[in-house]
1. Examine the stretch A:400-417 for a residue that is assigned to a loop (DSSP other than H, G, I, E, B) and buried (at least 17 other Cβ atoms within 10 Å of the Cβ), and state whether such a residue exists.
2. Taking the criterion of being more than 14 Å from chain B (Cβ to nearest Cβ), at positive phi, modelled with pLDDT of 95 or more and not in a loop (DSSP other than H, G, I, E, B), would at least one residue in the stretch A:123-139 satisfy it?
3. Counting only residues that are on the phi > 0 side of the Ramachandran plot and out of contact with any strand residue (DSSP E or B) (no Cβ under 8 Å at 6 or more places or on another chain), which one in the stretch B:81-103 is farthest from ligand 2 (Cβ to nearest atom)?
4. Residue by residue through the stretch B:61-77, note down the ones that are more than 16 Å from ligand 1 (Cβ to nearest atom) and either within 25 Å of A:Val232 (Cβ to Cβ) or not aliphatic (A, V, I, L, M) (or both).
5. Could you look through the stretch A:190-212, keep only residues that are open to solvent by 30 Å² or more (accessible area, probe 1.4 Å) and touching a residue at least 60 places away in the same chain (Cβ under 8 Å), and pick out the one that is nearest to A:Leu275 (Cα to Cα)?
6. Take the residues in the stretch A:180-221 that are within 14 Å of another protein chain (Cβ to nearest Cβ) and among the β-branched types (Val, Ile, Thr), then tell me which one is farthest from ligand 1 (Cβ to nearest atom).
7. Of the residues in the stretch A:136-170, how many are within 13 Å of A:Val10 (Cα to Cα) and more than 16 Å from ligand 2 (Cβ to nearest atom)?
8. From the residues in the stretch B:61-80 that are touching a helix residue (DSSP H, G or I) at 6+ places or on another chain (Cβ under 6 Å) and of a type outside the set (Val, Ile, Thr), which one is farthest from ligand 2 (Cβ to nearest atom)?
Amino acid sequence: MATKFDAIVVGAGPAGATAAYKLAEAGIKTLLVERGRGRGSKQVFGGRIYVTPVREVFPDVEKTAPIHRWVKREKISILHNSRILSLEYESPEKHSFTTYLTEFTSWIVDKAINAGAVYVDEVRVDSIVEEDGRITGIEAGGERIEASIVIDAEGVNRLLLEKLGLAERLSPEEVALGAKEVIKVGADKINERFGLEEDSGLAWLLVGEPTDYLPGGAFIYTNRDSVSIGVVVYLATAVKKAREEIYRLVEKLRLHPQLRQYWEDGDIIEYSAHLTIESGRRFMPRKLATSGLIVVGDAAGLLLNTGYTFRGVDYAVYSGYLAAEAAKKAFNLGDFSEETLRENYEKKLLGSFIAKDLRNHTGVEQIMHEVEFFEKYPVVAIDTARKLFELGYETPRIQEALRSSLKTHHINLLSFLYKMFKMVRKL
Amino acid sequence: MSSRESGNQQLLKIQRIDDLLQRNLWDVDHRPHIVVDTSRCTDCEYKPCVLLCPAGCYTLVDSKLLFSYEGCLECGTCRTVCPREAITWNYPVSGRGVLYRFS
Ligand SMILES: Cc1cc2nc3c(=O)[nH]c(=O)nc-3n(C[C@H](O)[C@H](O)[C@H](O)COP(=O)(O)OP(=O)(O)OC[C@H]3O[C@@H](n4cnc5c(N)ncnc54)[C@H](O)[C@@H]3O)c2cc1C
Ligand code: SF4
């Protein structure tokens, strides 16, 4: 028995669910397949979503999405030797919000179902079927389902694209591992301890000690009545330099003498882990569409990590939307060829703000690779601040404090200044 | 004992990874979704899986590698870092494995 749909979407993350919603809304007979149970049950992210691109696709996002808190305070900190050096920024505007990705994704899947998409959970797709150079459907548990177009939204572990030969086997250089604990604290306590208003939140990025000076970073996000805390390490360096288990790093963050006051009477309600893309530009497949197939979201390499923030969910949503638009055109033309799909999807995506962001930030990604940047500079920064702020008899000038810290850590002043200059230019 | 004290003890206790994993909702399959050919691990110098698996699924016992799939968080790290291609990796079937609710 051959079942047939117009379109099949593989993976109900933000990218796939959005594509399915937009396709179903246009009256296209759509199947959305997800390996997890229920909705959103395999979803993990850090903690916040930028709203502007999401609003373009879902104009009701502010009214109906499971928004926990609007991020009104940003904080970036260097931690070392019981000292914290921070940069803080506050804004009254609603540009991004915290949530659980599990909830946010459910919200989109519901929309897809209400629009008429057929949602099937608990089904792991085993392969995307190619016949005579054309994608014709999927195979799961020995059963085949056909469609005119397949949208691959499988996320960062591209087992299906690898099988098709459209993506290389994942290498440690391309990804970072994130591990996260969600600690339930209570809304009032969060407001009081972090000094936040009822619906306002904090996004806090930390480097240095929390990753054991490995390239990557730690994060703290305030949700409605919980905090998400976690550590992200780049696998390429972690493979050689990790000295303890990644869950120990998360635990150390949780137990950190200067941080644990925020959540120490709370309850850990979940522990999760997920890979994330380290350089979207390099991770992007050679082509984002072939005959009968479009690739969206993480699977397409659409992730930006600037060192001080992550963008992946809004990109996923937006790419799902662009994919649905391209598929709609293909149905109108009755043409699902590689040429048409690349013209209507890949070209649009590469001309969008997403591809521009990814191109713009390649320099930062190079910095994020420099071990020195994570190993030595946090220490130098804290050392310099210590000399400036912890005064005894003498009061050093900034220049003197920096010079002597650099000397202690055997870093040449000129090369340091050159690197800083280079970094500022790339940021 | 006040609730604050009991909370304190809970969080301050150095957790065994199993204590942490127990916080999650699970429906573990009796069929393993990941199979490791540990004969390839004997001469592997780094064994990066041991420190990098976020669920502690890879452990060394008398310098022999042991793998258990039960606490797997389905992240894909081991598949990526294994230098010996000793791992046959897939996701669980039928919605089994970890069920995230608050991530
Ligand atoms: C630690 C960490 C922190 C992050 N922080 C942020 C952040 O703060 N803000 C932000 O915007 N982004 C963040 N991201 C990135 C963001 O999570 C991703 O970019 C986003 O989830 C990508 O969406 P997606 O739909 O492409 O893929 P995914 O969300 O990975 O969804 C893929 C779906 O496909 C399903 N699937 C996979 N294979 C199959 C198969 N064979 N059959 C059936 N179903 C399948 C999976 O179960 C999953 O539900 C973070 C990521 C990580 C790991
Ligand atoms: S997939 Fe991730 S959690 Fe599962 S065994 Fe491999 S490294 Fe551990």
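The values are calculated or read from the model by the stated rules, or taken from the named source; none is laboratory data. Quick caveat: nothing in here was measured; it's all calculated off a predicted structure. All Cβ positions, glycine included, derive from the backbone under ideal geometry; neighbour counts span all protein chains shown. Ligands, DNA and RNA are stripped out before the accessible areas are found, and what is left, the full protein with its side chains, is counted by its heavy atoms. Shrake-Rupley method; radii C 1.70, N 1.55, O 1.52, S 1.80 Å.
1. yes
2. yes
3. Going through the stretch B:81-103, the residues on the phi > 0 side of the Ramachandran plot turn out to be B:85, B:94-95, B:97.
Okay, now just the ones that are also out of contact with any strand residue (DSSP E or B) (no Cβ under 8 Å at 6 or more places or on another chain), so B:85, B:94.
Working: B:Glu85: 14, B:Ser94: 17 Å.
In this case the residue turns out to be B:Ser94.
4. Residues satisfying the conditions are B:Asp62, B:Ser63, B:Lys64, B:Phe67, B:Ser68, B:Tyr69, B:Glu70, B:Gly71.
5. In this case the residue turns out to be A:Val207.
6. So, considering only residues that are within 14 Å of another protein chain (Cβ to nearest Cβ) and among the β-branched types (Val, Ile, Thr), the one farthest from ligand 1 (Cβ to nearest atom) is A:Val185.
7. Total satisfying the criteria: 14.
8. The initial filter retains those residues of the stretch B:61-80 that are touching a helix residue (DSSP H, G or I) at 6+ places or on another chain (Cβ under 6 Å), namely B:65, B:71, B:77-78, B:80.
Cutting the leftovers down to of a type outside the set (Val, Ile, Thr) gives us B:65, B:71, B:78.
On the way: B:Leu65: 12, B:Gly71: 7, B:Cys78: 3 Å.
Per the stated criteria, the residue is B:Leu65.
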